[in-house]
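Q: Would you mind keeping the following structure in view while I ask a few things?
The values are calculated or read from the model by the stated rules, or taken from the named source; none is laboratory data. The structure displayed is predicted, hence computed values, not measured ones. Cβ atoms come from the backbone with ideal geometry, glycine included; neighbour counts cover every protein chain shown.
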Amino acid sequence: MRSRMDDVKSYAPSAVVGQVMMGAVVAEVMESRNPKFKAGDTVTARQGWQLYSVSDGRDMAVMDPSAAPLPWYLGLLGGGGTTAWVGLFDIGKAKAGETVVVSAASGSVGSVVGQLAKLHGCRVVGIAGGPEKCGYCVDDLGFDACIDYKANGMLANLQAATPKGVDVYFDNVGGEILDAVLTRMNPHSRIPLCGTISQYDKTEPYGIRNFRSFLVNRILLQDFVMTDYREEGQRAQPWLLQAVKDGKLKYRVSVAEGLAAAPEAFLGMLKGRNFGKQVVKLS
Ligand SMILES: NC(=O)c1ccc[n+]([C@@H]2O[C@H](COP(=O)([O-])OP(=O)(O)OC[C@H]3O[C@@H](n4cnc5c(N)ncnc54)[C@H](OP(=O)(O)O)[C@@H]3O)[C@@H](O)[C@H]2O)c1
């Protein structure tokens, strides 16, 4: 959504002033002439920031509202969970026994990355802003360690938390944190580049200093965008749903009330004021 707000080349078309802002929703079907849906169904859809909309049924799916809290279908059981899965396993090729580091660790994608990596037998180190978010990652989500990048000594703390170096760095933020983690990467390690949130508002992008680490360590960095990985994401969904039903995955959401609160909630998310997946309850 943030990249849509700039009039520059991106993987998604720019938003047009005066048109509805795109975004995923959980919604109720009011009326239907499509046999796949009936009034009263709860669905996920890409209908954007609006109370009512008309759909031809493409990109819409009926979900079970009793299986999990509704906002989870926008995160853990939607884009957040599938992004975590694809980045960690299809791109990052994480293996049991390896060390996985993930940034924006308490957020929608990062919190699932860390939990999946733990279930897979990896050592997991999160990077997050502030003691509360780091405490949540370790105490509630079961990460082995979490580095508060806003506190002093970030690099020394990262070194101490990754005694065997880093095999997979799941990057959600780019910038200085990516630069710091580059100093800890192991030979033949992988960096699934999921996002660069620290750079989205910057007019002068951060220049990576430790670039040489790519050559020295033969690091594979691969960016990925989920629109290119629909099939892989769909394959992950039943597993994620079952894991939720089995109580294996935890998830947290921040809820803003009302459409008028959406812009402030969005700005807050970019500044880390959200805790877990940020959603807006429209009605
Ligand atoms: N490739 C894809 O297809 C795909 C799909 C979904 C999401 N994404 C990307 O994945 C990333 C995470 O998305 P999300 O939805 O899970 O968001 P999120 O983690 O729930 O929320 C964003 C978090 O980013 C952190 N952050 C903001 N500014 C930062 C900075 N300057 N330095 C370090 N951290 C900063 C904040 O956490 P702290 O308080 O810990 O700083 C904030 O809570 C984003 O970059 C997003 O664009 C990519």
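Q: If you scan the range 39-70, which residues turn out to be aliphatic (A, V, I, L, M) and surrounded by 13 or more Cβ atoms within 10 Å (Cβ to Cβ)? Break it down stepwise before answering.
A: Initial filter on the range 39-70 (aliphatic (A, V, I, L, M)): 39, 43, 45, 51, 54, 60-63, 67-68, 70.
Scanning the range 39-70 gives V43, A45, M60, A61, V62, M63, A67, A68, L70.
Q: Residues to consider are P13, P71, P35, P65; find the one that is part of a loop (DSSP other than H, G, I, E, B) and closer than 24 Å to K248 by Cβ. Walk me through it before giving the result.
A: On the way: P13 fails: closer than 24 Å to K248 by Cβ; P71 fails: part of a loop (DSSP other than H, G, I, E, B); P35 fails: closer than 24 Å to K248 by Cβ.
Of P13, P71, P35, P65, the one residue that is part of a loop (DSSP other than H, G, I, E, B) and closer than 24 Å to K248 by Cβ is P65.
Q: Name every residue in the range 218-232 that is assigned to a helix (DSSP H, G or I), surrounded by 14 or more Cβ atoms within 10 Å (Cβ to Cβ) and out of contact with any Gly (no Cβ under 9 Å at 6 or more places or on another chain), in order of residue number. Let's see the steps before the verdict.
A: Residues of the range 218-232 that are assigned to a helix (DSSP H, G or I), as a first pass: 226-228, 230-232.
When the remaining residues are screened for being surrounded by 14 or more Cβ atoms within 10 Å (Cβ to Cβ), the result is 226, 232.
Result: E232, single match.
Q: Inspect the range 188-200 for any residue being more than 9 Å from the ligand (Cβ to nearest atom), exposed (fewer than 15 other Cβ atoms within 10 Å of the Cβ) and within 28 Å of P13 (Cα to Cα) and give the result as yes or no.
A: Taking every residue of the range 188-200 in turn, none turns out to be more than 9 Å from the ligand (Cβ to nearest atom), exposed (fewer than 15 other Cβ atoms within 10 Å of the Cβ) and within 28 Å of P13 (Cα to Cα).
Q: I would also like to ask the following. Name the one entry in E264, E176 that is under 30 Å from Q47 (Cβ atoms), within 16 Å of the ligand (Cβ to nearest atom) and not in a loop (DSSP other than H, G, I, E, B).
A: Working: E176 fails: under 30 Å from Q47 (Cβ atoms).
Of the residues listed, the single one that is under 30 Å from Q47 (Cβ atoms), within 16 Å of the ligand (Cβ to nearest atom) and not in a loop (DSSP other than H, G, I, E, B) is E264.
Q: Name the pairs whose Cβ atoms lie under 7 Å apart, with the first residue in the range 245-274 and polar (S, T, N, Q), the second in a helix (DSSP H, G or I), and 6 or more positions between them or separate chains?
A: Note: pairs meeting the criteria are N274/G268.
Q: Got a sec? Which of Y136, Y169 is in contact (Cβ under 8 Å) with a residue 12 or more places away in the chain, in a helix (DSSP H, G or I) and either under 21 Å from G81 (Cβ atoms) or out of contact with any Pro (no Cβ under 7 Å at 6 or more places or on another chain) (or both)?
A: Values: Y169 fails: in a helix (DSSP H, G or I).
After ruling out the rest, the residue left standing is Y136.
Q: Residues to consider are G97, G142; find the one that is more than 15 Å from the ligand (Cβ to nearest atom), farther than 24 Å from S254 by Cα and part of a loop (DSSP other than H, G, I, E, B).
A: None of the other options fit; the residue is G97.
Q: Have a look at R212, R252, R235 and point out the one that is surrounded by 12 or more Cβ atoms within 10 Å (Cβ to Cβ) and either in contact with a Gly (Cβ under 9 Å, 6 or more places away or on another chain) or in the same structural domain as S106 (by TED's automatic domain parsing) (or both).
A: Numbers: R212 fails: surrounded by 12 or more Cβ atoms within 10 Å (Cβ to Cβ); R235 fails: either in contact with a Gly (Cβ under 9 Å, 6 or more places away or on another chain) or in the same structural domain as S106 (by TED's automatic domain parsing) (or both).
Just one listed residue meets the conditions, R252.
Q: For T83, state whether it is surrounded by 16 or more Cβ atoms within 10 Å (Cβ to Cβ) and out of contact with any Phe, Trp or Tyr (no Cβ under 7 Å at 6 or more places or on another chain).
A: yes
Q: Another question, then. Taking G130 as meeting all but one of (1) surrounded by 19 or more Cβ atoms within 10 Å (Cβ to Cβ); (2) within 13 Å of the ligand (Cβ to nearest atom), write down the number of the exception.
A: (1)
Q: Could you say which residue among Y251, Y229 is farther than 18 Å from Y73 by Cβ and within 13 Å of the ligand (Cβ to nearest atom)?
A: On the way: Y251 fails: farther than 18 Å from Y73 by Cβ.
Exactly one of Y251, Y229 is farther than 18 Å from Y73 by Cβ and within 13 Å of the ligand (Cβ to nearest atom), namely Y229.
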